[in-house]
Amino acid sequence: MKNLQDLLRPNIRSLKPYSSARDEFHGEASVFLDANENPYNEPYNRYPDPMQRALKERISVLKDIAPEHIFTGNGSDEAIDLVIRAFCEPGIDNMVTITPSYGMYEVAADINNVKCVRVPLSADFRLDAGAVLDAADSHTKLICLCSPNNPTGNLLDREEIYRILKYFNGIVVADEAYIDFAPSLSLIRGLVSYPNLIVLQTLSKAWGGAGIRLGMAFASPWIIDVLNKIKYPYNVSLVAQEHALALLKRENRMEDQLAVILNERARLGEALGKLPFVRRIYPSDANFILVRVNDADYTYNYLVGRKVIVRNRHRVSLCENCLRITVGAPEENNMLIKALNEMTL
């Protein structure tokens, strides 16, 4: 494993970060005259804590990991973009990901003028560590893996991920946006053994907070310091921090809703399996099901006409004639099942 410092872009290594007023002072005071804020319209006239300290303390308790291992940002997409910007030299370095998978890895790479090499999963969506490692060259700084994967829904083999972590001389990002729906524990525990590991999670899925855009990255304190160094000063608004804290204090409610979603996932899969035009239902460790049908375009357009919207993944690699169906509330799933049972070919 290379020294992580050597993986950083030279300009990032030497960068002097912007220091905001709230970086230089945080705490209690009677009068704040340091940040050119409007003195009226409290509390939203004040800039938010740029390091989201209260929020990270709560996350620390929930995830059993010290706050210095936690980055919070504007969705997981911010962390993905920052990692590429920190480690990949535009026009020179590259990153490797799998296909099919979450499309923002490649989009973020393209935005940053970084080549993205895509390695196909097997026909049944299994990860081949050897193929991923073979795709990497001397300019590969980053490998992105989504587990449970989107749109396939399956957990990637843990031993294959560990093999990549062991033999790749760069940063490995494990995107666990859907980990709460899976039977497997998070890779966060692997941070002790693998300093090149970054684990992404989010409040958008199991916690029901997609609208507040709060993503989390867990990594070594050194990597977290790098992300904090290059992020925008106030990257998470006060409103988002407040709502995130409120969500995280309702852990029991989240667990109750999670149990309903998991039960509905099983019920929905059973109902879909009885439809004559469904060719295959793929096993899911997420809050959605990938379904192969006879004609994805026809089925999708029919459902649109019934005001039921699913995701057409027909044009995604290895997903010909597949629909990705999110597990909704029981009444929503009933509407989907009723519409599909009434569809004529």
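The values are calculated or read from the model by the stated rules, or taken from the named source; none is laboratory data. Nothing here was measured: the structure is a model prediction, and the numbers come from that model. Counting neighbours? That spans all protein chains shown, and the Cβs are built from the backbone with ideal geometry, glycine included.
Brief remarks on what is shown
- Selection over the stretch 155-179 of residues that are crowded, with 21+ Cβ neighbours inside 10 Å and either outside the structural domain of residue 218 (by TED's automatic domain parsing) or farther than 22 Å from residue 4 by Cα (or both) gives a count of 6.
- Filter result for residue 80 (more than 26 Å from residue 324 (Cα to Cα) and at pLDDT 95 or above): no
- None of 268, 290 is of a type outside the set (Asp, Glu), modelled with pLDDT of 95 or more and not in a helix (DSSP H, G or I) except 290.
- Being of a type in the set (Gly, Ala, Ser), at negative phi, in contact with a strand residue (DSSP E or B) (Cβ under 6 Å, 6 or more places away or on another chain) and not assigned by TED's automatic domain parsing to the domain that holds residue 186 is not true of residue 305.
- Residues that are without any contact (Cβ under 8 Å) to a residue 40 or more places away in the chain and loosely packed, with under 14 Cβ neighbours inside 10 Å within the stretch 125-154 comprise 126, 130, 134, 138, listed in sequence order.
- A count restricted to the stretch 1-21 and to residues that are among the basic types (Lys, Arg) and more than 28 Å from the chain's Cα centre (by Cα) stands at 1.
- Those residues of the stretch 322-345 which are more than 25 Å from the chain's Cα centre (by Cα) and not in a helix (DSSP H, G or I), in sequence order: 342, 343, 344, 345
- Filtering the stretch 23-61 to residues that are touching a residue at least 60 places away in the same chain (Cβ under 8 Å), assigned to a loop (DSSP other than H, G, I, E, B) and aliphatic (A, V, I, L, M) leaves only 51.
- Checking each residue in the stretch 205-262 for being in contact with a Pro (Cβ under 9 Å, 6 or more places away or on another chain) and not assigned by TED's automatic domain parsing to the domain that holds residue 43 picks out only 260.
- Residues being within 31 Å of the chain's Cα centre (by Cα) and surrounded by fewer than 10 Cβ atoms within 10 Å (Cβ to Cβ) - total across the stretch 25-55: 1
- Residues that are among the aliphatic types (A, V, I, L, M) and touching a Gly at 6+ places or on another chain (Cβ under 8 Å), drawn from the stretch 73-95: 79, 82
- Each residue in the stretch 123-146 was checked for being basic (Lys, Arg) and under 22 Å from residue 113 (Cα atoms), and 1 of them qualify.
- Within the stretch 292-345, being over 25 Å from residue 104 (Cα atoms) and among the aromatic types (Phe, Trp, Tyr) holds for 298, 302.
- Tabulated pairs, the stretch 333-345, first touching a residue at least 60 places away in the same chain (Cβ under 8 Å) and loosely packed, with under 12 Cβ neighbours inside 10 Å, second part of a loop (DSSP other than H, G, I, E, B) and of a type in the set (Phe, Trp, Tyr), C-beta under 8 angstrom, 6+ apart or interchain: 345/277
- Any hit, the stretch 260-276, residues being of a type in the set (Val, Ile, Thr) and within 20 Å of residue 182 (Cβ to Cβ): yes
- Test: residue in the stretch 100-113 that is more than 30 Å from residue 326 (Cα to Cα), surrounded by fewer than 21 Cβ atoms within 10 Å (Cβ to Cβ), without any contact (Cβ under 8 Å) to a residue 40 or more places away in the chain and not hydroxyl-bearing (Ser, Thr, Tyr): yes
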